[in-house]
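One structure is given here, and the rest of the page talks about it.
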Amino acid sequence: MRCRAVFRVSQSRNRAPLLLQPQASRLYSQLQSKHERSTFGIAFDIDGVVLRGRVPIGGSPQALRRLYGESGALKVPFIFLTNGGGIPESRRAIELSDLLGVYILPSQVVQGHSSFKTLLKRYENELTIATGKGEPDLVMSEYGFKKVLSLDEYASYFENIDPVSQYKMWTTKWESSKCSCPKNLVPSFNITSDRVKAAFVVSDPVDWGRDIQVLCDILSSGGLPGDENGQQPPLYFAADDLEYQAAFPSERLGMGAFRIALESVFNRIHCNALDCVIFGKPNPFVFKNAEAILRQLRSSCDDNYINNGNNGSHPFKTLYMIGDNPLVDIKGAKQAGHPWFSILTRTGVFRGKDNHAEFPADLVVDTVEEAVDYILKKESAC
């Protein structure tokens, strides 16, 4: 009988959400001018909503500018809530600012792997592996993980672990610079004898074949490739999108597709089913955390609100989730419940004429500009 994978989704309904961006209050107050407190907030997906590849779409620059005052001060608290990633939030904020023509704070960027910060206390000083496009090890290092290696670097310490590496016509950044790496950057721990205590899929992997092989080695051996079978180390995925909208006209396979491939192989060669924890939208934790960040952004500009003793009341009448993927953005907002209101655009994964059948949004629009126009008219904030 074939084993089935077990997925544990982190729940936080019975506890206060973790504020992943503690600096948000101070930075936001520096930009905020005096104005009437906003009763709503907005969370924008990125790929397929405001950008396609690196090109703004759907009138996104114009739409975002309407959320700022003439002086450049932010009028409406908003964040980017994306399952994408691979680079630190600070660098993503700079990139978004350049592409969209508005100033974006790092605290306004919540990526799929941002939730990995919640695991720092558990793995801060443990050997961990991070894989995905971009710089997954840098992302984890900036979160505070002290013994994290990219899968690229980790695999380079095991001779012949990737049996087809000689046929690959590309080299990784680590491989091309490994020989000139300063001695003080060489890990102070023994990579070939220490067990990996956790593996993180930070963003979409680049070399699926190599990553599946090495992850199977790590996960089936108790954290040490080549060793006897052992208890599987924890495996964490930043998100589980099967598809997403990139620069190519049709959808591209995402992290969820890689998870399915890894699961299928692992379950065929190992007696126990793959066990993993999945973060990212539509996980309820993500929306609870987004709400907390938006609340912090909003309350920072109103001292009376902070000190009036009414912090138990909900500060927002409505929180808008604008996304292009019904199975991720809309499903997540609907599961989160009040005060979330879901808006589905037709510029990304969803292209339907009518609403999505399984996860219908509260509103379907053609573009993000149309979504923002609807919100501002509804909230009388034009």
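Structure notes:
- For S60, the criteria (1) at pLDDT below 60; (2) touching a Phe, Trp or Tyr at 6+ places or on another chain (Cβ under 9 Å) hold in every case but one, which is (1).
- Comparison of D240, D194 shows that the only residue that is crowded, with 22+ Cβ neighbours inside 10 Å and either in contact (Cβ under 8 Å) with a residue 24 or more places away in the chain or not in a loop (DSSP other than H, G, I, E, B) (or both) is D240.
- V76 being at pLDDT 95 or above and either crowded, with 22+ Cβ neighbours inside 10 Å or among the hydrophobic types (A, V, I, L, M, F, W, C) (or both): no
- Filter result for P88 (modelled with pLDDT of 95 or more and under 26 Å from K378 (Cβ atoms)): no
- Screening L100, L81, L51 for residues that are touching a helix residue (DSSP H, G or I) at 6+ places or on another chain (Cβ under 8 Å), in contact (Cβ under 8 Å) with a residue 60 or more places away in the chain and in the same structural domain as E291 (by TED's automatic domain parsing) leaves exactly one candidate, L81.
- Single residue of L151, L120 found to be out of contact with any strand residue (DSSP E or B) (no Cβ under 9 Å at 6 or more places or on another chain), hydrophobic (A, V, I, L, M, F, W, C) and at pLDDT 95 or above: L120
- Check on A130, assigned to a strand (DSSP E or B), in contact (Cβ under 8 Å) with a residue 60 or more places away in the chain and on the phi < 0 side of the Ramachandran plot: yes
- The residue that is nearest to the chain's Cα centre (by Cα), among those in region 328-363 that are of a type in the set (A, V, I, L, M) and under 20 Å from I79 (Cα atoms), is V328.
The values are calculated or read from the model by the stated rules, or taken from the named source; none is laboratory data. The shown structure was predicted, so the numbers you read here are calculated from the model rather than taken from an experiment. Every residue, glycine among them, receives a Cβ derived from its backbone with ideal geometry; neighbour counts consider all protein chains shown.
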